[in-house]
Amino acid sequence: MVSSWQRARRERSSLTTLAGFAVAAILLFAVAPAVLSDFRLNLLAKFLCFAIVAVGIGLAWGRGGMLTLGQGVFFGLGAYIMAMHMQMADAARLGQDVPGFMQIAGIRHLPTLWQPFASAPVALVGILVVPGLVAAVLGYGVFKRRVKGAYFAILSQALAAAMAILLTGQQMLGGFTGLSDFRAFFGFKLSDPANRQMLFFIASGTLLVVVAIVRQLMHSRYGELLVAVRDQEERVRFLGYDPADVKILAYVVAAFFAGIAGALFTPIVGIISPADIGVVPSIAFLIGVAIGGRTTLLGPVLGAIGVAWAQTTLSEQFPSGWTYLQGILFIVVVGFIPAGLAGVWPMAKGFWQSRFGMPPTPDAPVPASKTDPADVGESLVGGTFTAPDEEEKVESR
């Protein structure tokens with residue numbers, strides 16, 4: 001049974017969450033457009049795309065323990081599908097059979113790969129379905145064979161490298177220069193500042209929705225099971241669950257978010273090339289998540305935006321020094337602050353209490369399976385999970 005203390009705690013958590021979303025919405029939809037120039041606002045929209053990818057990585061890596069070094073693959077799938085549609089839409093408005101770069105390359109007929117994405121609904125469906133479908137196929141082949149840890153990380157990174165190399169040799173996809181020179185986004189001229197601001201609002205709304213979805217997953221029964229798989233995979237398998245299915249779902253959700261982020265990145269930045277989806281960008285996504293705090297909800301968002309902003313700002317002043325600073329920051333966080341910047345405050349609070357002899361704030365014990373999914377590994381070992389065919393898998397306390 002749920003005690004009154006637990007109900008009150010849940011109500012406070014819900015109110016805090018709603019307040020947090022309200023503050024974020026005000027900052028994104030009111031404050032940012034009012035204080036930032038058009039250039040800086042477009043730059044922030046680009047960073048929000050990175051944050052959407054980071055939220056998915058936080059779910060797969062922070063909660064599921066899957067070191068995803070190849071999110072550039074799914075980011076690129078969404079980005080290139082959007083780029084192909086925009087190129088064909090521009091060509092149709094100019095009365096051309098193929099986009100301009102194909103004419104320069106001597107391609108006179110639209111390739112078969114391009115033809116389905118000439119339709120806007122098909123392109124949107126492709127952006128939403130293709131990255132997740134590819135992730136499902138890859139995840140099934142990898143996780144069903146119990147590939148994990150460093151082997152999974154190396155495999156995912158190799159996929160990103162292979163895709164970048166493949167795209168570099170495809171002239172029908174722009175080769176190493178990629179696709180660029182977009183004029184309109186679903187009929188809206190990209191040269192109009194109002195339309196570019198609209199793209200910022202779309203990216204902001206998408207980020208808020210993505211964060212809300214991941215929060216719901218983290219606080220659901222599935223979120224608890226995902227953490228249990230991360231901490232005690234063999235124990236979960238012994239209880240009758242298939243850890244591979246749990247991992248595949250998290251991997252697909254992360255790929256789904258990355259595909260959407262890539263599709264938004266293309267009109268916001270105005271170009272997509274193999275350099276944006278290879279090994280280096282995939283590692284950059286991961287660095288932002290690690291620095292922000294991979295096990296938290298907002299840590300990946302703040303880390304991705306902060307790292308991208310620092311890279312842009314500092315690289316303008318120190319073009320050759322930013323890479324070293326980024327590496328040092330990553331080493332410091334991984335070596336001394338494993339929880340990321342989101343763990344600095346709890347660490348400082350614990351140090352203060354131990355240094356000055358202040359006892360911690362007393363809290364009533366709460367079952368981990370009912371509240372915090374991060375403690376589900378402990379509750380699993382303790383035996384709160386039972387067989388999956390029973391109506392209740394978690395004992396009430």
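From the set of residues in region 77-98 that are of a type outside the set (A, V, I, L, M, F, W, C) and touching a helix residue (DSSP H, G or I) at 6+ places or on another chain (Cβ under 6 Å), which is surrounded by the fewest Cβ atoms within 10 Å (Cβ to Cβ)?
Top of the filtered list is 85.
Among the residues in region 138-152, are any in a helix (DSSP H, G or I) and touching a Gly at 6+ places or on another chain (Cβ under 6 Å)?
As a first pass, look at region 138-152 and keep what is in a helix (DSSP H, G or I): 138-143, 150-152.
Retained after the next criterion (residues that are touching a Gly at 6+ places or on another chain (Cβ under 6 Å)): none.
No, because not a single residue in region 138-152 is in a helix (DSSP H, G or I) and touching a Gly at 6+ places or on another chain (Cβ under 6 Å).
Please go through region 225-243 and give me each residue that is open to solvent by 10 Å² or more (accessible area, probe 1.4 Å) and in a helix (DSSP H, G or I), ordered by number. Before you say what the answer is, go through the steps one by one.
Going residue by residue through region 225-243, those that are open to solvent by 10 Å² or more (accessible area, probe 1.4 Å) are 225, 230-235, 237-242.
Passing the criteria: 225, 230, 231, 233, 234, 235, 237, 238.
Could you please find all residues in region 244-290 being of a type in the set (S, T, N, Q) and in a helix (DSSP H, G or I)?
Applying the first criterion (of a type in the set (S, T, N, Q)) to region 244-290 yields 266, 273, 282.
266, 282 - these are the residues of region 244-290 that are of a type in the set (S, T, N, Q) and in a helix (DSSP H, G or I).
Consider residue 265 carefully, then state whether it is aromatic (Phe, Trp, Tyr) and within 17 Å of residue 47 (Cβ to Cβ).
Spelling it out, residue 265 is indeed aromatic (Phe, Trp, Tyr) and within 17 Å of residue 47 (Cβ to Cβ).
Looking at (1) under 25 Å from residue 284 (Cα atoms); (2) open to solvent by less than 20 Å² (accessible area, probe 1.4 Å), which is the only condition residue 147 fails?
In the conditions (1) under 25 Å from residue 284 (Cα atoms); (2) open to solvent by less than 20 Å² (accessible area, probe 1.4 Å), residue 147 misses (2) alone.
Would you check which residues across region 174-195 are of a type in the set (A, V, I, L, M) and under 25 Å from the mean Cα position of the chain (by Cα) and list them?
Taking region 174-195 and keeping what is of a type in the set (A, V, I, L, M), we get 179, 184, 190, 194.
Listed by number, the list holds a single entry, 179.
Return a yes/no flag: does region 270-278 have any residue that is in contact with a helix residue (DSSP H, G or I) (Cβ under 8 Å, 6 or more places away or on another chain), crowded, with 24+ Cβ neighbours inside 10 Å, over 24 Å from residue 143 (Cα atoms) and of a type in the set (A, V, I, L, M).
Scanning region 270-278 turns up at least one residue that is in contact with a helix residue (DSSP H, G or I) (Cβ under 8 Å, 6 or more places away or on another chain), crowded, with 24+ Cβ neighbours inside 10 Å, over 24 Å from residue 143 (Cα atoms) and of a type in the set (A, V, I, L, M).
Considering only region 155-172, state which residues are within 25 Å of the chain's Cα centre (by Cα) and over 20 Å from residue 284 (Cβ atoms).
From region 155-172, those within 25 Å of the chain's Cα centre (by Cα) are 155-168; that's our starting set.
Answer for region 155-172, where residues must be within 25 Å of the chain's Cα centre (by Cα) and over 20 Å from residue 284 (Cβ atoms): just 166.
For residue 332, which of the numbered conditions (1) surrounded by 13 or more Cβ atoms within 10 Å (Cβ to Cβ); (2) modelled with pLDDT of 70 or more fails to hold?
For residue 332, the exception is condition (1).
Residues in region 294-329 that are more than 12 Å from residue 57 (Cβ to Cβ) and modelled with pLDDT of 85 or more: how many?
Count: 9.
If you scan region 90-124, which residues turn out to be among the aromatic types (Phe, Trp, Tyr) and touching a residue at least 40 places away in the same chain (Cβ under 8 Å)?
Passing the criteria: 101, 114.
The values are calculated or read from the model by the stated rules, or taken from the named source; none is laboratory data. Predicted model, so just to flag it, every value in this text is computed and none were measured. So basically every Cβ, Gly included, is an ideal-geometry build from the backbone, and we count neighbours across all protein chains shown. Surface areas here come from the heavy atoms of the whole protein model, side chains and all, with no ligands, DNA or RNA. Shrake-Rupley method; radii C 1.70, N 1.55, O 1.52, S 1.80 Å.
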